[in-house]
1. Only one of (1) at pLDDT 90 or above; (2) not in a loop (DSSP other than H, G, I, E, B) fails for V142. Which number is that?
2. Being modelled with pLDDT of 85 or more and part of a loop (DSSP other than H, G, I, E, B) is the filter; apply it to segment 8-52 and report the residue that is farthest from the chain's Cα centre (by Cα).
3. Within the set of pairs 6 or more residues apart or between chains, which connect a residue that is surrounded by 13 or more Cβ atoms within 10 Å (Cβ to Cβ) inside segment 1-24 to a residue that is modelled with pLDDT under 80 and not aliphatic (A, V, I, L, M) with Cβ atoms less than 8 Å apart?
4. Going through segment 183-193 one residue at a time, which ones are touching a residue at least 40 places away in the same chain (Cβ under 8 Å), buried (at least 19 other Cβ atoms within 10 Å of the Cβ) and within 17 Å of L251 (Cα to Cα)?
5. Might you let me know whether segment 213-235 holds any residue that is touching a helix residue (DSSP H, G or I) at 6+ places or on another chain (Cβ under 9 Å), among the hydrophobic types (A, V, I, L, M, F, W, C) and either at pLDDT below 65 or more than 30 Å from E484 (Cα to Cα) (or both)?
6. Scan segment 106-122 and give yes if some residue there is part of a loop (DSSP other than H, G, I, E, B), among the acidic types (D, E) and either more than 21 Å from N150 (Cβ to Cβ) or touching a Phe, Trp or Tyr at 6+ places or on another chain (Cβ under 8 Å) (or both), otherwise no.
7. Inside segment 86-105, can you point out the residues that are aromatic (F, W, Y) and in a loop (DSSP other than H, G, I, E, B)?
Amino acid sequence: MDLPPELINKISTYLATSDVLHLGYTCRANYDLLLPQIYSSVTIDSSRLPYGAEDVDPRRSTNIKSLYSFTLFMKNLYSNQRYCSYVRVLQFMDEIPDLPELEVFHFLEKIFPNLCNLEQLKWCTIQMYLPCDLLSKVPNLVNMKSIVGNFKSFENISIFSGEYTSYHLEELSVSGFGQHTNLAKLALPRFANLKSLTLSRNSSTSILKNSGHASSVSNFIEIPDPYTDDANYISQFSPSSLSQSITELVLKDVCVCADDAHRLSRSIDLCRIKTFKLINCTEKVQAEDDFLDVLQPKMVNLTTLSLGLSNEANVNDSSIRFIRYLPSKLRKLELQVRWSSPHREPELCETVDAITAHSETLTYLDFEFESIQQNKDGYYRYTSRLQKLSQLRNLKFLRVPVNQYEIPELIRVVNNLQRLQFLQLALKDFKTPIINNNTLISQEYFDYPNSVTLNYHNTIVDQLANFCRDFKSFLSMLRYLVFEASETYFFNCYRQVVQERGIESVFGEMVKRETA
């Protein structure tokens, strides 16, 4: 008995995308009927995911993983212009099938001019950057809502041309612009509806959106040096006002100064900013004003803050003041503090005091603290200075630095955080893996599984699992406990303590969803 098309469409909305595809393969009529849904959102992602992760993904997108499927998808779009009209969301994630760059761009050069209904384009892979001249071939560029990615060839073309053109973009994330003069080619004042703006001098991956705390930086980036980097990136913003609807501003891998803050306050309505991130940025200290001191009085509605800002003076006073005097609306805080001054005591206590000023609202805290000062054992003591974190009773996610021998003391600090669901410990003194010190034994013996390394690994896992049980006895809502060392260990604590492998790529999305 044939089902009516309306019922098939209704059923498909409750199925996982892979099942929708299988339903389309049952007969030609179903395939033609479901084709617009299958092609409406496509994600090219060859990374390995845990079983079932695709089904719980809130984004209903057709996932392409294999080289064969990727090539077939490209050829279908190339051969059928009608298929191109179905595509509204096209995402190239961090890992894509290994197709030669020349062949990929050859297909895209033929496909992009036919994507007449494309609304969102995401290019997160760093295997190859997307040339700006290819992006300019999309006919629906004016009406697109989101453009995110790593781009190249800014020097050859202005992406958003047309003197009187107004674009409908709501999200713009440009990574890899390199030279500061390339920012002027973005024509930012033409984006009247822009809500989210991300500018990164170097490459970025999807981790930046999902979970990237301030201490997470790509291995492919060049750290900005305030002594040698004379480029004034923010000065490339148009002197005229940018979109007054911007609520999220992210700056990554750039140098900033107080003059930049003044320009930002003139170009953007900072009162509307709810999300502000400085990731792997450096500050050129000039006059008595600091970059954050200029911004702080005007950022009165911040709910999400990520600070990874360093300077040549090696002090973090402005970051501490910025956090302390923000209005108490902050829900998510990612903070990286590097302390390398041998003449002053580290500011860990002062930093914790500033954080606890938001104890009523804070639900997410990702805190990284690095100091050159050490105790007699060669490590800096953290837990005794983190005592006041017990005041953050609404926390659902907490990431803090700690030494392994301090974990029992940390349990007493966090046992009042009864809403805590995710706890992530950055272990600073964790023993390194077995290293070959005997030149007569090949290093491969220690790198690959054998009786010695397996026993060593099992001993570590058992020890960490015992820590998990201790935490679980005080924190009834604890779901995951993560230990960061040379290797990252994930433990599911929901019912029984069980180590889970291969969830690195989805853990950030899981935390984001549960703590929203």
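The values are calculated or read from the model by the stated rules, or taken from the named source; none is laboratory data. It should be emphasised that the depicted structure is a prediction, and the values quoted were computed from it without experimental measurement. Virtual Cβ from ideal backbone geometry, glycine too; neighbours counted across all protein chains shown.
1. All conditions pass for V142, except number (1).
2. S46
3. Close Cβ pairs (under 8 Å, with a partner that is modelled with pLDDT under 80 and not aliphatic (A, V, I, L, M)) amount to A16/E54; A16/D55; T17/E54; T17/R60.
4. Passing the criteria: L183, L188.
5. Within segment 213-235, one or more residues are touching a helix residue (DSSP H, G or I) at 6+ places or on another chain (Cβ under 9 Å), among the hydrophobic types (A, V, I, L, M, F, W, C) and either at pLDDT below 65 or more than 30 Å from E484 (Cα to Cα) (or both).
6. no
7. Y86
Yes/no per residue for (1) out of contact with any Leu (no Cβ under 8 Å at 6 or more places or on another chain); (2) on the phi > 0 side of the Ramachandran plot; (3) modelled with pLDDT under 95:
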position	(1), (2), (3)
S451	yes, no, yes
V461	yes, no, yes
V482	no, no, no
Q496	yes, no, yes
S505	no, no, yes
M510	yes, no, yes
R513	yes, no, yes
A516	yes, no, yes
